[in-house]
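Undergrad: Dropping the structure in here first, questions after.
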Amino acid sequence: MKTLKYIPIILFTCLALVFTGCEEEYSLGELKTPSNVSVTFEVVGVDDENPYGDGSGLVNFTATANDEITFNYIFGDGTNTGVSADGKITHQFSKNGVNTYTVTAVAVGTGGISSSASVQVEVYSSFSDEEALEFLTGGSSKTWYWAADQAGHVGLGPNSYDSEGYHTWAYWFNAAAYEKTCMYDAEFVFTKDAAGGITFEQSAGNAYIPGTYAGKIGVEGDNCYGDDVATTMYGVKNVTFAPANSIATEDGQYRGTSFTIKDGGFMCWYVGASTYEIIEVTDNILKVRIEEDGTYAWYHTFTSTKPGDESGNEELDVEYTNLLWADEFDTDGAPDATTWTYDLGATGWGNNEVQNYTNSLDNASVSDGILKITAKKDGSSYTSARLKTQGLREFTYGRVDVRAKLPEGGGTWPAIWMLGANFSTVGWPNCGEIDIMEGIGNTPGHVQCALHTPSSSGATVNMESTTVNDASSEFHVYSVNWSENQISFLIDDEIYYTYKPETKNSDTWPFDADQFIILNVAMGGTLGGDIDPAFVESAMEIDYVRVYQ
């Protein structure tokens with residue numbers, strides 16, 4: 001955007017435009033109203049067979065004027081206005097069929113003085129996503145909620161292309177479960193109307209305004225506000241679908257669909273945006289990406305089951321009592337080489353972790369019946385260990401009990417987990433991953449479990465979290481009970497999450513083959529977060545690992 005060079009100033013009680021009676025003299029420069037404003041357009045895909053375009057709804061606009069600083073566009077379709085410094089902008093009209101829109105280009109000059117020109121555009125849009133519509137509405141009406149119990153239900157990343165793919169996921173920030181406390185009363189209702197269209201209403205809750213946007217509207221950031229601030233929050237609003245066209249669409253392997261809530265509607269998170277790119281939508285999960293002023297990309301996860309409403313399964317379907325193998329860590333020194341091997345190196349491990357994994361006794365050793373996996377600060381970097389039973393002890397179905405005490409310190413990310421033994425041939429997530437326990441040092445007492453499958457990888461929807469207040473001061477038994485029908489997670493023999501998909505196939509259930517166990521303490525990364533500058537070292541202590549069948 002061009003720099004605004006002339007700003008009218010009223011100083012104290014001086015009334016004249018020439019400040020001859022003041023101690024200091026100010027000059028406004030010449031105020032000019034933009035003139036000769038014109039706007040032209042090109043509908044994408046127009047030819048003899050498609051006089052109103054190719055169905056994408058895309059239109060390229062060009063505005064010109066004299067003495068302008070910038071241009072604002074009003075598109076006439078209920079979406080937010082567009083801003084263009086050079087007058088050029090592309091907009092996507094998404095209402096199906098051939099529709100006529102009055103588009104206005106406002107040329108803004110010095111001191112905010114403006115003039116405008118309008119043009120009528122006829123454009124054809126043929127895009128639809130009936131499956132997404134059915135998922136959002138349940139075929140009639142469905143209420144969605146923040147997936148507040150899931151880590152990463154709010155995330156932030158860049159909106160500029162990066163060859164490493166950072167523009168496709170929440171590279172900068174992922175919220176912990178229940179981190180944004182004031183906004184979880186929000187409820188979002190999508191309804192299928194009689195004509196097969198869709199409407200949206202935020203029926204409860206407030207608007208959350210993050211710090212990145214708050215200053216632009218003059219409020220304090222990272223707080224919730226009512227409709228006195230977010231004036232377009234409430235009311236029934238139409239929703240339209242369109243092909244997704246963000247920079248993340250192709251590289252992110254998203255659904256390829258976006259939806260726009262008309263009349264400035266939004267889903268609680270208020271950043272002046274109403275268009276949501278669908279990353280994933282199922283009967284119970286909605287993951288979206290929204291852009292803030294072309295600079296930031298926000299990532300949100302919603303669920304159709306209100307967190308806390310599910311009581312879960314209270315009983316195991318299979319009881320495993322025959323001890324298959326165990327390590328009681330009775331021999332001092334290095335971990336038993338017949339059971340444990342190591343992952344080595346500093347590669348980020350797919351999660352932007354910063355530690356270097358070693359096989360040093362400084363990072364993994366046994367003494368007094370306890371295995372200690374210790375993360376240490378090493379100058380400006382960090383070392384730790386990642387032990388695994390890959391190629392040594394692998395099994396299908398059974399129960400795993402690990403009695404452990406978790407490390408302390410911001411940035412620590414302890415994990416007890418399992419990975420498919422066919423990882424090297426089929427890759428991740430096709431091999432399946434079972435996260436028995438993950439802790440977050442920046443959120444003491446927060447413990448979670450998760451499953452990663454081809455149908456739900458990355459920020460998975462198949463997870464649950466709970467609070468163990470003394471997780472870093474006392475030992476607790478973290479368990480998984482894995483049968484051919486379901487996978488249950490327990491802490492101190494109490495079930496707190498069971499995964500039992502209605503349909504079991506290679507996408508939802510890659511858990512019918514051998515897995516191996518992994519124990520590690522990561523530093524930083526997508527879940528570990530910021531590392532406390534005062535961190536020196538801390539260990540995950542493990543009393544035993546026992547596997548039953």
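The values are calculated or read from the model by the stated rules, or taken from the named source; none is laboratory data. Note that the coordinates shown come from a computational prediction; the quantities given were computed from them, not determined experimentally. Virtual Cβ from ideal backbone geometry, glycine too; neighbours counted across all protein chains shown.
Undergrad: Of everything in the range 528-544, what is of a type outside the set (Gly, Ala, Ser) and either surrounded by fewer than 21 Cβ atoms within 10 Å (Cβ to Cβ) or not assigned by TED's automatic domain parsing to the domain that holds residue 441 (or both)? Give them in sequence order. Walk me through it before giving the result.
TA: Initially, the range 528-544 is screened for residues of a type outside the set (Gly, Ala, Ser), giving 530-533, 535-537, 540-544.
Within the range 528-544, 530, 532, 533, 535, 536, 537, 541, 543, 544 meet the criteria.
Undergrad: How many of the residues in the range 202-213 are buried (at least 18 other Cβ atoms within 10 Å of the Cβ) and either in contact with a Lys or Arg (Cβ under 7 Å, 6 or more places away or on another chain) or not in a loop (DSSP other than H, G, I, E, B) (or both)? Let's see the steps before the verdict.
TA: So in the range 202-213, the residues buried (at least 18 other Cβ atoms within 10 Å of the Cβ) come out as 202, 205-210, 213.
When the remaining residues are screened for being either in contact with a Lys or Arg (Cβ under 7 Å, 6 or more places away or on another chain) or not in a loop (DSSP other than H, G, I, E, B) (or both), the result is 202, 207-209, 213.
Summing the residues that are buried (at least 18 other Cβ atoms within 10 Å of the Cβ) and either in contact with a Lys or Arg (Cβ under 7 Å, 6 or more places away or on another chain) or not in a loop (DSSP other than H, G, I, E, B) (or both) in the range 202-213 gives 5.
Undergrad: Working only within the range 475-484, note down all residues that are in a loop (DSSP other than H, G, I, E, B) and of a type in the set (Gly, Ala, Ser). Lay out the reasoning, then the answer.
TA: Restricting attention to the range 475-484, the residues satisfying the condition of being in a loop (DSSP other than H, G, I, E, B) are 475, 483-484.
Answer for the range 475-484, where residues must be in a loop (DSSP other than H, G, I, E, B) and of a type in the set (Gly, Ala, Ser): just 483.
Yes or no, residue by residue, for (1) part of a loop (DSSP other than H, G, I, E, B); (2) closer than 14 Å to residue 273 by Cα; (3) out of contact with any Phe, Trp or Tyr (no Cβ under 7 Å at 6 or more places or on another chain); (4) free of Cβ contacts under 8 Å to residues at least 24 places away in the same chain:
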residue	(1), (2), (3), (4)
191	no, no, yes, no
200	no, no, no, no
219	yes, no, no, yes
232	yes, yes, yes, no
239	no, yes, no, no
249	yes, no, yes, no
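Undergrad: Moving on. Please tell me if residue 331 is farther than 30 Å from residue 75 by Cβ, under 28 Å from the mean Cα position of the chain (by Cα), not in a strand (DSSP E or B) and not small (Gly, Ala, Ser).
TA: Details: farther than 30 Å from residue 75 by Cβ: yes; under 28 Å from the mean Cα position of the chain (by Cα): no; not in a strand (DSSP E or B): yes; not small (Gly, Ala, Ser): yes.
Judged against the criteria, residue 331 is not a match.
Undergrad: Now a separate question. Does any residue of the range 378-385 turn out to be among the charged types (D, E, K, R), buried (at least 17 other Cβ atoms within 10 Å of the Cβ) and either farther than 14 Å from residue 343 by Cβ or without any contact (Cβ under 8 Å) to a residue 40 or more places away in the chain (or both)? Walk me through it before giving the result.
TA: Residues of the range 378-385 among the charged types (D, E, K, R): 378.
Among the residues that remain, those that are also buried (at least 17 other Cβ atoms within 10 Å of the Cβ) are: none.
Looking for residues that are among the charged types (D, E, K, R), buried (at least 17 other Cβ atoms within 10 Å of the Cβ) and either farther than 14 Å from residue 343 by Cβ or without any contact (Cβ under 8 Å) to a residue 40 or more places away in the chain (or both), one finds none in the range 378-385, hence no.
Results for (1) among the aromatic types (Phe, Trp, Tyr); (2) surrounded by 17 or more Cβ atoms within 10 Å (Cβ to Cβ); (3) closer than 17 Å to residue 253 by Cα, shown as yes or no for each residue.
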position: 171; (1), (2), (3): yes, yes, yes
position: 181; (1), (2), (3): no, no, no
position: 185; (1), (2), (3): no, no, no
position: 188; (1), (2), (3): yes, yes, no
position: 191; (1), (2), (3): no, yes, no
position: 195; (1), (2), (3): no, no, no
position: 198; (1), (2), (3): no, yes, no
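Undergrad: Among 176, 195, which is the only one that is assigned to a loop (DSSP other than H, G, I, E, B) and more than 24 Å from residue 305 (Cβ to Cβ)? Working first, answer last.
TA: Numbers: 176 fails: more than 24 Å from residue 305 (Cβ to Cβ).
From the options 176, 195, the qualifying one is 195.
Undergrad: Right, another one. List the strands (runs of 3 or more DSSP E) inside the range 402-474, counting only whole elements, that have at least 1 residues being modelled with pLDDT under 95. I'd like the intermediate steps shown before the answer.
TA: Working: elements: 412-420, 433-439, 446-452, 463-467.
Hits in the range 402-474: 446-452, 463-467.
Undergrad: Residue 511: under 28 Å from residue 338 (Cβ atoms) and not in a strand (DSSP E or B), yes or no?
TA: On the way: under 28 Å from residue 338 (Cβ atoms): yes; not in a strand (DSSP E or B): yes.
Here the answer is yes, as residue 511 does meet what is asked.
Undergrad: Quick one: would you say residue 502 is surrounded by fewer than 21 Cβ atoms within 10 Å (Cβ to Cβ) and at pLDDT 95 or above? Working first, answer last.
TA: Values: surrounded by fewer than 21 Cβ atoms within 10 Å (Cβ to Cβ): yes; at pLDDT 95 or above: no.
No; evaluated as a whole, the condition is false for this residue.
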